[in-house]
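Report on the structure given below.
We did not get these values from a lab; they are worked out from the coordinates using the rules stated. Fair warning: this is a prediction, and the values are worked out from it, not measured in the lab. Note: ideal-geometry Cβ built from the backbone for every residue, glycine included; neighbour counts use all protein chains shown.
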Amino acid sequence: MRHVISLLIENESGALSRVSGLFSARGYNIESLTVAPTEDASMSRMTIVTTGSDDIIEQITKQLNKLVEVVKVVDISEAAHIERELMLTKVRATGKDREEMKRMAEIFRARIIDVTDTSYVIELTGNQSKLDAFISAIDPTLILESVRSGVCGVGRGDRILKV
Amino acid sequence: MVLTGAEIVIRCLQEEKVDYVFGYPGGAVLYIYDALFNQDKVRHVLVRHEQAAVHAADGYARSTEKVGVALVTSGPGATNAVTGIATAYTDSIPVVIISGQVPTAAIGQDAFQEVDTVGITRPCVKHNFLVKDVRDIANTIKKAFYLAKTGRPGPVLVDIPKDVSAHKCEFEYPKEISMRSYNPVIKGHQGQIRKAVQLLLEAKRPMIYTGGGVVLANAAEQLTKLTRLLGFPITNTLMGLGGYPASDRQYLGMPGMHGTYEANMAMHYSDVLLAVGARFDDRVIGNPDHFAEEPRKIIHVDIDPSSISKRVRVDVPIVGDLKEVLEEMIRQLEAGAARPNPDALGAWWKQVDEWRSRECMKYKNSDEIIKPQFVIQKLWEVTGGDAIVTSDVGQHQMWASQYYRFDKPRRWLNSGGLGTMGVGLPYAMGAQLANPGAQVACVTGEASIQMNIQELSTCKQFRLPIKICNLNNRYLGMVRQWQQLFHGERYSESYMDSLPDFAKLAEAYGHVGLRIERPADVEGALREAFARKNDLVFLDFQIDQTENVYPMVQGGKGLTEMILSAEDL
């Protein structure tokens, strides 16, 4: 099962490698990992997408909690939550492709954020499947390069991860 | 008061009431050694290899309730220490390791004797720090000691660059430490404890299974009281030996791979299992699938939530300090009128005693050749069962754990988790320094002792009257046993050729060496050794080469599939 684990961690050097090292040492899978400081600069928030049985996910949360720098851990996929990912795709945009690409961006509510004579950079945010859908909707031969952030997630409504 | 970083390090150790530091000097820690030179509160023990420094600090901690301290230099000093650190980590031993690092400006420049110590040790410490500012030293060392000994104990490393130890700042030792991200649970959940007590009272085939946590939490007294109050059978793991008196009737011996028949059968066929400070290690329960075949309710008490439901499913988890939880269980039992059902318990004991009557620890003694079990039995008799016994890793370790009966905690020191050969002698050094009047015996084998034999030199310098009992069978005994049983008797590289004359070797280091070849001489040699109160005596027992450790549960098998003796093969 796919899980989205969110955690607050002291914003100290080496903290990230403690988390990633835990996953590699114990043979857990990391699908994506996103991290940045929060509004409280002393703390970073991480979103880890992982897969595993209930037992494995229980161990992952327990082991993460055990790290001295980890302040709080929740599995936000246990209840209603929102996930977002950001993708920047550079596509070839010449001739008739230029109009076509613009139309596709509109359909997906993406934004064209860089324009040259021959290319566009398209910015798209959404959950994983929306980004996947965009990639499969456009002509793959036109994609010059593409970069995606990891998943960033937050619980809906009253579910708040804060100290 | 303005002090250098190095002086601050020493002042911190003084504040923590550290009496011994085990270490080895080098370039990156020269300022710290200079600061050591100018005081006499913290005594330094110069080992001959950094691995031994950490093991000795670890042995010191295991034999006391205190934190062990090791001091090593950067690069090779730190990498040599890693085996010691990993050993302490696996057995949750409180140790603080201070390592020197190249100057801050040189970090990352591939400087001479530079290694990423924090990176290398990260997976085998409870926590580690790189101190980049002299103003952080005091606070960091305070945190290190606090982390090492609270919650689930473990090794904590503090890496200090050379220039930081030379810089100066105002020294003030913090009184309190609070970390928002680190708050170990001490009190067990009341409701869960009530549920556990209820289950224990309803049990028909109860069993108590305890591990090293009982020793670490100093909860042996509470465990003994609870076990007697309930009248249940009890087993202590290799790490938990001495947590309950081995000579008591309710004690069934050790469980697991080389545990007793009665302990393993009672573990397997119990209907309620109370696990205290034990983690269902593969060496204890064998194959978890086999273990799960028999339906039973499990109550698991542990300070570390991640140990609960890691290998087996647990019905009543209780997170907390073992002493507190056991005390609360005793309180609830004593307050209530209910007692365990005497009929069910009587029938269960009848069954347990039937298992016990197999006398699985019997062995064939000989007048011709020394049997290792016999040596340990005699060691137990000669020391009155009250020695601190350290062991290395292998067959001798198992014989020592099986045939020396530990009635008190902190008398048995060995590397249970990591299984590190070479710990025995450094553990004995740490234990002897911490307990100057105690009889300290190191049970070892000719292969294990050679992994840190250079420490005979340290023992000479500090006049440590350790008794080394070398069970010498000229083989990597446990490897040979497995090769015999599971590899078609192909003894690949398990034979120890060209052994030194250990008696002479001991003499070369300035100690007393004895070579014992006949069973009739075993007791006399041990008596002579322990009578020499001020000497280290190296007893080189020439034992039966073919002796195996029984009973045995083969790796991957279930607890009830035991080989009781060579006849079972």
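Arranged from fewest to most other beta-carbon atoms within 10 Å of their beta carbon, A:T89, B:T104, B:T87 become B:T104, A:T89, B:T87.
Among the GluC sites (Glu not before Pro) in the stretch B:147-185, those located in a DSSP loop and surrounded by at most 15 other Cβ atoms within 10 Å of their own Cβ are B:E172, B:E176. Give the separation of the Cα centroids, the stretch B:150-212 to the stretch A:5-45, in Å. Computed from Cα coordinates, the inter-centre distance equals 22 Å.
Rounded to the nearest 0.05, the FRET efficiency derived from the C-beta distance between B:K41 and A:S17 at R0 = 51 Å is 0.85.
Under the simplified labelling scheme, the B:D248-A:T116 pair shows an inter-label distance of 7.9 nm, with each label point 7 Å from Cα along Cα→Cβ. Label point of A:A133 set 7 angstrom out along Cα-Cβ; within the stretch A:103-126, amide nitrogens under 16 Å from it belong to A:104-111, A:124-126.
Take every Cα-Cα pair in the stretch A:62-114 and report what % of them are more than 19 Å apart. Before the final figure, lay out the partial values.
Working: 775 of 1378 pairs.
More than 19 Å apart: 56 percent of the Cα pairs in the stretch A:62-114.
Take the Cα of B:V2, go 7 Å toward its beta carbon, and the backbone nitrogen atoms of the stretch B:162-183 under 12 Å from that spot belong to B:168-171. Estimated purely from DSSP H runs of n ≥ 4, each contributing -39500 (n - 2.57), the mean residue ellipticity at 222 nm for chain B is -11000 deg cm²/dmol once divided by its residues.
If you wrap the tightest convex hull around every Cα atom of chain B and split its volume per residue, you get 155 Å³. Centre-to-centre separation between the Cα atoms of the stretch B:298-335 and those of the stretch A:96-163: 50 Å.
Give, in nm to one decimal, the length gained when the segment between B:N139 and B:A337 is fully stretched (0.36 nm per residue of separation minus the Cα-Cα distance). Walk me through the intermediate numbers first.
Values: separation 198, 0.36 × 198 = 71.28 nm, distance 5.04 nm.
Result for the pair: 66.2 nm of gain on full extension.
Take the Cα of A:I82, go 7 Å toward its beta carbon, and the backbone nitrogen atoms of the stretch A:142-156 under 13 Å from that spot belong to A:152-156.
Restricting attention to the stretch A:1-54, which GluC sites (Glu not before Pro) occupy a DSSP loop and are surrounded by at most 10 other Cβ atoms within 10 Å? Spell out each step's value before the answer.
Details: sites: A:E10, A:E12, A:E31, A:E39; in loops: A:E12, A:E31, A:E39.
Passing both the DSSP loop test and the Cβ count: A:E39.
The B:D353 and B:N534 beta-carbon pair, evaluated with R₀ = 41 Å, returns a calculated FRET efficiency of approximately 0.35.
Return B:T150, B:T4 ranked ascending by Cβ neighbour count within 10 Å, so the fewest neighbours appear first.
Values: B:T150 17, B:T4 21.
Lowest to highest Cβ neighbour count: B:T150, B:T4.
If you take all other residues with their beta carbon under 11 Å from the beta carbon of B:T420, and give Lys and Arg +1 and Asp and Glu -1, the sum is -3.
Got the relative contact order for chain A handy, in percent, Cα pairs under 8 Å and 6 or more residues apart? Could you put the intermediate results ahead of the total?
Working: 289 pairs, mean separation 45.5, N = 163.
The normalised contact order for chain A reaches 28 percent.
Computed extension length for B:S457-B:E221: 81.2 nm, one decimal, from 0.36 nm per residue of separation with the Cα-Cα distance subtracted.
P(r) tail for the protein assembly as shown, what percent of Cα pairs lie past 36 Å? Numbers along the way, then the final one.
Numbers: 135699 of 267546 pairs.
Within the protein assembly as shown, distances greater than 36 Å cover 51 percent of Cα pairs.
Count Lys and Arg as plus one, Asp and Glu as minus one, and take only other residues whose Cβ is under 12 Å from that of B:E172; the net charge is then +2. How high is the relative contact order of the stretch B:183-235, in percent, with contacts defined as C-alpha pairs under 8 Å that are six or more residues apart? The value is 39 percent. In this label model, A:R109 and B:A438 are separated by 6.9 nm, measuring between points 7 Å along each Cα→Cβ vector. Once C-alpha pairs closer than 8 Å and six or more residues apart are averaged by separation and normalised to the residue number of chain B, the relative contact order reads 14 percent. Restricting the calculation to Cα atoms, the stretch B:235-308 shows an Rg/Rh of 0.93 when the hydrodynamic-style radius is the Kirkwood one. Look at B:S401, A:S146, B:S357 and count the other Cβ atoms within 10 Å of each Cβ; fewest to most, that gives B:S357, A:S146, B:S401.
For the stretch B:375-491, treating each Cα as an identical point scatterer without solvent, what Debye log10 I(q)/I(0) comes out at q = 0.20, 0.22 1/Å? Rounded to two decimals, the profile gives -1.05, -1.23.
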